[in-house]
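Structure first, commentary second.
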Amino acid sequence: MKVLKFGGTSVGSPERMKQVANLIKTEQGKKIVVLSAVSGTTNSLVALGELCENKKKEEALQASAELLKKYHAFIDELYSTDESKKASIEFVNQVFVDIDGLIEKRFQEQVAKLLVVQGEIISTRLFTTYLQEIGYAATMIMAQDFMTLDKYNEPDLKLIQKKLEQILPDVSDDIIITQGFIARNKAGGIDNLQRGGSDYSATIIGSVLGVEEVQIWTDIDGMHNNDPRIVKNTRPVSKLSFEEASELAYFGAKVLHPHCIVPAHQYSVPVRIKNTMDPGAFGTLISTESETAQTVKAIAAKDGITAIKIKSSRMVMAYGFLKKIFEVFEKYETPIDMITTSEIAVSLTIDNATQLRKITKEISEYGTVEIDKDQTIVCVVGDLIAEKKGVGSVLFQSLDEVPIRMISYGGSRNNISLLVASEHKADTLSKLHAALF
Ligand code: ASP
Ligand code: MG
C-alpha cells in the first residue's frame, strides 16, 4: 500500500484534478489518497472566520456566496454527466448552508475551526465523485473518524492506527480518498493539524500503517538545495536522510509541513516528494539513506524570528540561571529554536512572539533583556556537517561581509544555523549558495 498526498495547487482546477486522477491510475495496488483543499479556499475560510470574529457578518456572507460561485463553475467544468453535476452542486450548496449557519452564530474559536476544514470536505467529495464518474472504484473515509489528537494537540499515533485498522478492512476498493489537515481533538471537537497540515496527515497515515512509501505530490520537483524564489540555479536534492529532511522542513524549506517527517522517521517509512507538473522527475526521496557523496545538502531560511538576549545581572552565570529562563518559556508555551551562551549572557530565538511581552517581563527579573525582531535563521543542512573539516571555514569566508547575530554549530550532526537580520537574508543565501555548491 502507498499513501499519495496532493496539495492545493495539484487539485486547484478541474483540469489539475483530472490530471491527479490519471496519476493515481498509474500507481498499482491499494492506495490512500490524501487531498488538500482547492488552493485559495483555506485562505478564504480563514478570512471568513476573521470577519465573523470582527462581527462583519454581512461581508462574511457575501464572501461565502462568492466562494460558492467559484465551486459552481468548478463543478460545471469538472464533470461531463448531468448526474455528477447535480449531485455535486447539491453537496456544495449544503456545505455553504452550513457555512452560512456558522457565520450567523455567535463567534467562538470552534466556529473558526469548523469553517477552516470545509475546503478539504469539498475537495475530497468532488474528487471522489469524479473518479466514480470515470469508472474508478473509490471509497472516501472521513479524517475526523480516525485522525485523533491527544491532550497536547499532537496526533495520537497509537489511537489513529487502531482506528484505521478498524475502518480499512471494510473497504474493498483500491482507491481510498481522505481529507488532509482535518483532525478531531481530545475533547471531541473538529480540529486541524495547522496550516499546511495535509502533508502531516499523509505521513501520519502512512507511518502508522507502515506503507511502502508516502508520496507528497506538489508543484515543485522536490526539496531544493536553496530557496528557488531567492537564489538562481537551485536544484532538487534527490536523497535526504530523515534527520536532514526534518531540519530542512523545520527551518524553512516551505515544501513540507515542519513536523511531517517526524512520524515517518519514527516508523521508518520513506517519503517521496513528487511534482504533479513533471511526474517523470525523480523528486526527493527521504529515507534512512542520504546522498553520501555530498556533505552539504541544502540551505533553508526561516523568517519572522525574534532574538532575545538576557545578560545576567551578576557577573558570572550562576548555576540554575538557564533553568529559570527556560521555565519562563515553558510557562508561556513558547518553543525556543536556537540558543547560544557566553559567560555573562544567553541569546535565544523564538518564532512565535505572541507571548513576548509577558516573557520579557518575567525574564527581566534575571537580567537585562534585549530584543531584536525581524531576524532570519539560515540553516545549512547536510550529513556530518559539523564534523567534517572545512565546512565552517568556507561558510564563514563567504559571509565575511554579512553581520551574523548568532551561530549554532554542533547541536546536531546535520545542521549549522546562523541568525541574521532579515534584510541580509537574500545576500546570505546567495553567498552561501555560491560558496557551498
Ligand atoms: N488546506 C490546508 C492549508 O491550506 C492544509 C494543506 O493544504 O496542507 O493550510
Ligand atoms: Mg503544503
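Over 22 Å from residue 201 (Cα atoms) and open to solvent by 10 Å² or more (accessible area, probe 1.4 Å), is that true of residue 134? Judged against the criteria, residue 134 is a match. Checking every residue in region 240-249 against the condition of being in a loop (DSSP other than H, G, I, E, B), more than 16 Å from ligand 2 (Cβ to nearest atom) and open to solvent by 60 Å² or more (accessible area, probe 1.4 Å) gives zero matches.
Condition test on residue 292, is it part of a loop (DSSP other than H, G, I, E, B) and surrounded by fewer than 22 Cβ atoms within 10 Å (Cβ to Cβ)?
Numbers: part of a loop (DSSP other than H, G, I, E, B): yes; surrounded by fewer than 22 Cβ atoms within 10 Å (Cβ to Cβ): yes.
Considered against the rule, which asks whether it is part of a loop (DSSP other than H, G, I, E, B) and surrounded by fewer than 22 Cβ atoms within 10 Å (Cβ to Cβ), residue 292 comes out as yes.
Go through region 15-65 and report how many residues are of a type outside the set (A, V, I, L, M, F, W, C) and assigned to a helix (DSSP H, G or I). Spell out the reasoning first.
Within region 15-65, the first condition is being of a type outside the set (A, V, I, L, M, F, W, C), and the residues that meet it are 15-16, 18-19, 22, 25-31, 36, 39-44, 49-50, 53-59, 62, 64.
Add one more test, that the residue is assigned to a helix (DSSP H, G or I), and what stays is 15-16, 18-19, 22, 25-26, 41-44, 49-50, 53, 57-59, 62, 64.
Of the residues in region 15-65, 19 are of a type outside the set (A, V, I, L, M, F, W, C) and assigned to a helix (DSSP H, G or I).
May I ask you to list the residues in region 152-167 that are in a helix (DSSP H, G or I) and either among the acidic types (Asp, Glu) or within 15 Å of residue 204 (Cα to Cα) (or both)? Lay out the reasoning, then the answer.
So the first thing to find is which residues in region 152-167 are in a helix (DSSP H, G or I), and the list is 157-167.
Residues satisfying the conditions are 157, 158, 159, 160, 161, 162, 163, 164, 165.
Let me confirm something: among 265, 257, which residue is in a loop (DSSP other than H, G, I, E, B) and either open to solvent by 40 Å² or more (accessible area, probe 1.4 Å) or within 16 Å of ligand 2 (Cβ to nearest atom) (or both)?
Numbers: 265 fails: in a loop (DSSP other than H, G, I, E, B).
Exactly one residue qualifies, and that residue is 257.
The set of residues in region 181-191 that are within 15 Å of ligand 2 (Cβ to nearest atom) and surrounded by fewer than 21 Cβ atoms within 10 Å (Cβ to Cβ) is empty. For region 346-374, a tally of residues being assigned to a strand (DSSP E or B), modelled with pLDDT of 95 or more, buried (at least 20 other Cβ atoms within 10 Å of the Cβ) and out of contact with any Ser or Thr (no Cβ under 6 Å at 6 or more places or on another chain) returns 2.
For the subset of region 327-345 comprising residues that are of a type in the set (A, V, I, L, M, F, W, C) and under 20 Å from residue 304 (Cα atoms), which member is surrounded by the fewest Cβ atoms within 10 Å (Cβ to Cβ)? Even if it seems obvious, please write down each step before you answer.
First, the residues of region 327-345 that are of a type in the set (A, V, I, L, M, F, W, C): 328-329, 336, 338-339, 344-345.
Imposing the further condition that a residue be under 20 Å from residue 304 (Cα atoms) reduces the set to 329, 336, 338-339.
Numbers: 329: 18, 336: 14, 338: 24, 339: 16.
Only one residue tops the list, namely 336.
Contact map, region 189-209: residues that are without any contact (Cβ under 8 Å) to a residue 12 or more places away in the chain paired with residues that are open to solvent by less than 10 Å² (accessible area, probe 1.4 Å) and in a loop (DSSP other than H, G, I, E, B), Cβ distance under 8 Å, separation 6+ or inter-chain. No pairs are found.
Quick check on my filter: what residues within region 192-207 are in a helix (DSSP H, G or I) and either within 16 Å of ligand 1 (Cβ to nearest atom) or open to solvent by 10 Å² or more (accessible area, probe 1.4 Å) (or both)?
Taking region 192-207 and keeping what is in a helix (DSSP H, G or I), we get 198-207.
If the condition is that a residue be in a helix (DSSP H, G or I) and either within 16 Å of ligand 1 (Cβ to nearest atom) or open to solvent by 10 Å² or more (accessible area, probe 1.4 Å) (or both), then 198, 199, 200, 201, 202, 203, 204, 205, 206 are the ones that fit.
Applying the condition of being small (Gly, Ala, Ser) and either over 23 Å from residue 209 (Cα atoms) or in a helix (DSSP H, G or I) (or both) to region 116-148 and asking which residue is farthest from ligand 2 (Cβ to nearest atom) yields 135.
Note on region 24-42: among residues that are open to solvent by less than 20 Å² (accessible area, probe 1.4 Å) and away from ligand 1 (no atom under 16 Å from the Cβ), the one that is modelled with the lowest pLDDT is 24.
Is at least one residue of region 186-200 of a type in the set (A, V, I, L, M) and at pLDDT below 95?
Filtering region 186-200 down to residues of a type in the set (A, V, I, L, M) leaves 187, 190, 193.
Subsequent filtering for residues that are at pLDDT below 95 retains none.
No, every residue in region 186-200 fails to be of a type in the set (A, V, I, L, M) and at pLDDT below 95.
Checking 96, 107, 6 one by one, the residue that is open to solvent by 10 Å² or more (accessible area, probe 1.4 Å) and of a type in the set (Phe, Trp, Tyr) is 107 and no other.
The values are calculated or read from the model by the stated rules, or taken from the named source; none is laboratory data. Since the structure is predicted, the reported quantities are computational estimates derived from the model, not experimental observations. So basically every Cβ, Gly included, is an ideal-geometry build from the backbone, and we count neighbours across all protein chains shown. For accessibility, only protein heavy atoms count, side chains too; no ligands or nucleic acids. Shrake-Rupley method; radii C 1.70, N 1.55, O 1.52, S 1.80 Å.
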